[in-house]
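Each remark here refers to the structure printed beneath this line.
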């Protein structure tokens, strides 16, 4: 008996899309990604037509798989007929495989998406499209760009993949660490796009984060890709994601110090700490280890005041050494201000060469202004916060700065 | 009680919906079917129709591949409901995803009810 159509698990279509594309791309070749995506799309449309009124079949994944496989075989046959090749060289019919094998297929496709021949932003878009089943509209919403731009990126990426004719089954073992590093970068970028952007649709951004975590779990579960740095990356994403709901509780955006810690997700925290513990095995020390270490200090603190700022400053010191970035320097100064007071934090910020600060970066004057406010220098605070307000681009950023501006009066 | 045929038509979509959107539409159908099965209005959810078909003309001497191409919208499926009158049938139809995402035609069955 067919089940009601709303009995499907959440994101079923999206995830089946990714699984099917990965399986078919393995069987037919990544050079044919366009055709693969077409036939998977066809299978989903047929499911919609057939399940809407009759309900969902007992094995919906198997149903989709059969329809997609047959559509792929038909499409290839049609092509061969046109080019007089007949059934010669037709790829082996796709056999149903295990969940493990499908995970392998997805990892393989992830390595394809992260091919060094593609620009970084195309790698992210391609992963969202092929592995996560996002539409161009959803990718645009998640990556804060427009649809046309996403379409261009995807089109060029697929063209480039055909040119390099990359066979993902033959990443030479000596190249694996380097390629794996690129894969981790893309997964983390994906997560950050969803987590740190204050723009766009909250739900889509949450989905982007969930997808990054899903890919992180796949990487961690496979012995070839599950290294301590991968575990650290997964821990970092999970511990951050645990705060997702608390950040946006009751509308608006809540900074760490204003969050209700009871709203942090205990399951994600536990899973995050599990992987963080496993990341400590061996002698790898990546930026993910240090960033996960910082997040773990926040996650372990019972209140904002009880945070171990000394440990966090120490971790930022190490992080700045292996991954110098103005954002890390800014965050370090914030931690110093929490530990030693706003004047010391400001002195740290003033010691940073202005040339290394990205122009038009609203967060910088926002932090400087806030530290001036706390130090009681309201004219300087107002000046900096007003600058931050002009540079901020999203309503929730502006709202936060406005609150600080209003607080720029003697108590 | 009079019976009505719900006929669902769709215009060809400019861009295919995303997997997530498709699942959303599917869930809407599930909610609608469940609700009006309970009220007794939905006698038979019916079925979707595959895209390709055959069309017979001229007393069956001319058989061509369908669907009936004169229509801009494609016949996508049907259901059978029962309702006291057209007003009630329209009320059921207004909540139907078939009306939200395409055109829904209601026709009363002519046979004895």
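The values are calculated or read from the model by the stated rules, or taken from the named source; none is laboratory data. Not measured: the values here are computed from a predicted model. All Cβ positions, glycine included, derive from the backbone under ideal geometry; neighbour counts span all protein chains shown.
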Handout entry: the range B:1-13 - residue that is loosely packed, with under 15 Cβ neighbours inside 10 Å and either assigned to a helix (DSSP H, G or I) or within 12 Å of chain A (Cβ to nearest Cβ) (or both) and, of those, modelled with the highest pLDDT
Key = B:12
Exercise for the section: Those residues that are more than 17 Å from residue A:347 (Cβ to Cβ) and either at pLDDT 90 or above or assigned to a loop (DSSP other than H, G, I, E, B) (or both), I need them from the range A:366-391; list them, please. Expected result: A:366, A:378, A:379, A:382, A:383, A:385, A:386, A:387, A:388, A:389, A:390
Exercise for the section: Please verify whether the range A:181-199 includes one or more residues that are more than 21 Å from residue B:21 (Cβ to Cβ), at pLDDT 80 or above and out of contact with any helix residue (DSSP H, G or I) (no Cβ under 9 Å at 6 or more places or on another chain). Expected result: no
Practice task
Output yes when any residue across the range A:43-58 is under 20 Å from residue A:134 (Cα atoms) and without any contact (Cβ under 8 Å) to a residue 12 or more places away in the chain, and no when none is.
Solution key: yes
Practice task
Please tell me if residue B:37 is within 12 Å of chain A (Cβ to nearest Cβ), in contact with a helix residue (DSSP H, G or I) (Cβ under 9 Å, 6 or more places away or on another chain) and free of Cβ contacts under 8 Å to residues at least 40 places away in the same chain.
Solution key: no
Exercise for the section: Return yes or no: is residue B:30 within 9 Å of another protein chain (Cβ to nearest Cβ), modelled with pLDDT under 95 and in contact with a strand residue (DSSP E or B) (Cβ under 7 Å, 6 or more places away or on another chain)? Expected result: no
Problem - Test for residue A:141: is it more than 27 Å from residue A:172 (Cβ to Cβ) and either touching a residue at least 40 places away in the same chain (Cβ under 8 Å) or under 14 Å from the mean Cα position of the chain (by Cα) (or both) - result: yes
Handout entry: Residue check, residue A:104 outside any helix (DSSP H, G or I) and either closer than 26 Å to residue A:223 by Cβ or modelled with pLDDT under 90 (or both)
Key = no
Exercise for the section: For the range B:34-45, state whether one or more residues are surrounded by 14 or more Cβ atoms within 10 Å (Cβ to Cβ) and assigned to a loop (DSSP other than H, G, I, E, B). Expected result: yes
Exercise for the section: Could you please let me know if residue B:105 is modelled with pLDDT of 95 or more, under 11 Å from the mean Cα position of the chain (by Cα) and more than 10 Å from every other protein chain (Cβ to nearest Cβ)? Expected result: yes
Practice task
Can you confirm whether the range B:79-90 contains a residue that is surrounded by 11 or more Cβ atoms within 10 Å (Cβ to Cβ), assigned to a helix (DSSP H, G or I) and within 14 Å of chain A (Cβ to nearest Cβ)?
Solution key: no
Practice task
Say whether the condition of being within 14 Å of chain B (Cβ to nearest Cβ), within 19 Å of the chain's Cα centre (by Cα) and surrounded by 17 or more Cβ atoms within 10 Å (Cβ to Cβ) is met by at least one residue in the range A:178-188.
Solution key: no
Problem - Residue selected from the range A:1-34 under the condition in a helix (DSSP H, G or I), at the interface with another protein chain (Cβ under 10 Å from one of its Cβ atoms) and surrounded by fewer than 18 Cβ atoms within 10 Å (Cβ to Cβ), by the criterion modelled with the highest pLDDT - result: A:7
Practice task
Working only within the range B:5-48, note down all residues that are within 11 Å of the chain's Cα centre (by Cα) and over 20 Å from residue A:8 (Cα atoms).
Solution key: B:5, B:6, B:7, B:8, B:9, B:10, B:46
Completion exercise
(1) modelled with pLDDT under 85; (2) buried (at least 16 other Cβ atoms within 10 Å of the Cβ) all hold for residue A:236 apart from (1)
Fill in the blank from the handout: Listed by range, helices (runs of 4 or more DSSP H) wholly within the range A:218-295 having at least 1 residues that are more than 16 Å from the chain's Cα centre (by Cα) and without any contact (Cβ under 8 Å) to a residue 40 or more places away in the chain are A:244-248, A:266-279
Practice task
Kindly indicate whether residue B:24 is more than 7 Å from every other protein chain (Cβ to nearest Cβ), in a loop (DSSP other than H, G, I, E, B) and out of contact with any helix residue (DSSP H, G or I) (no Cβ under 8 Å at 6 or more places or on another chain).
Solution key: no
Exercise for the section: Being farther than 20 Å from residue B:48 by Cβ and within 14 Å of chain B (Cβ to nearest Cβ) is the filter; apply it to the range A:35-60 and report the residue that is surrounded by the most Cβ atoms within 10 Å (Cβ to Cβ). Expected result: A:37
Practice task
Filter the range A:61-88 down to residues that are in a helix (DSSP H, G or I) and away from chain B (no Cβ under 14 Å), then give me how many there are.
Solution key: 14
Practice task
Please verify whether the range A:200-213 includes one or more residues that are free of Cβ contacts under 8 Å to residues at least 60 places away in the same chain and outside any helix (DSSP H, G or I).
Solution key: yes
